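Participant: Pasting in a structure now, in structure tokens, and then I'll have a few things to ask.
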Amino acid sequence: MLHCCANSMPANEAGALAALRNLGPASARLLARVGIRDRAALQAAGSVAVFADLRAAGHRPSLNLLWALEGALSNQPWQQVAQERRAALLAALAALEAGNARRAAYNRRP
């Protein structure tokens, strides 16, 4: 079966991400849209930055994807990401997005 899509990726690359816990083919395709094609790239960027990049690119991922990304990096089911860790991830996301908004506003100044 052939898939025609501007953001397609080779099956072996999609498989590498989809092989991580909590991530499947749809998540792998979504991550590829922001340049995340393997575990190393996910690890280097971090779950919060990747999630923020997806939102900045116009995607509307649920928070379950943030937990899934974190679980993929820590090799645990997304449902088992501790509440304290979830709170820390949300705080980091809010800080990152606030900083991005401030930079964007500054760059728009005449």
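Participant: Looking only at region 20-43, count every residue that is under 13 Å from residue 72 (Cα atoms) and open to solvent by 20 Å² or more (accessible area, probe 1.4 Å) and tell me the total.
Facilitator: Residues meeting the conditions: 10.
Participant: Here is a further query. List pairs: first residue in region 61-79 and in contact (Cβ under 8 Å) with a residue 12 or more places away in the chain, second residue among the β-branched types (Val, Ile, Thr) and open to solvent by 60 Å² or more (accessible area, probe 1.4 Å) anywhere in the structure, Cβ distance under 8 angstrom, at least six positions apart or on different chains.
Facilitator: Note: no pairs meet the criteria.
Participant: Now a separate question. Enumerate the helices (runs of 4 or more DSSP H) found wholly within region 47-110, keeping only those where 3 or more residues are in contact with a strand residue (DSSP E or B) (Cβ under 7 Å, 6 or more places away or on another chain).
Facilitator: It comes to none.
The values are calculated or read from the model by the stated rules, or taken from the named source; none is laboratory data. Treat the numbers as computed from the prediction; the structure is a model and nothing was measured. All Cβ positions, even for glycine, are placed from backbone atoms using ideal geometry, and neighbour counts span all protein chains on display. With ligands, DNA and RNA removed, areas are computed over all heavy atoms of the protein, side chains included. Shrake-Rupley method; radii C 1.70, N 1.55, O 1.52, S 1.80 Å.
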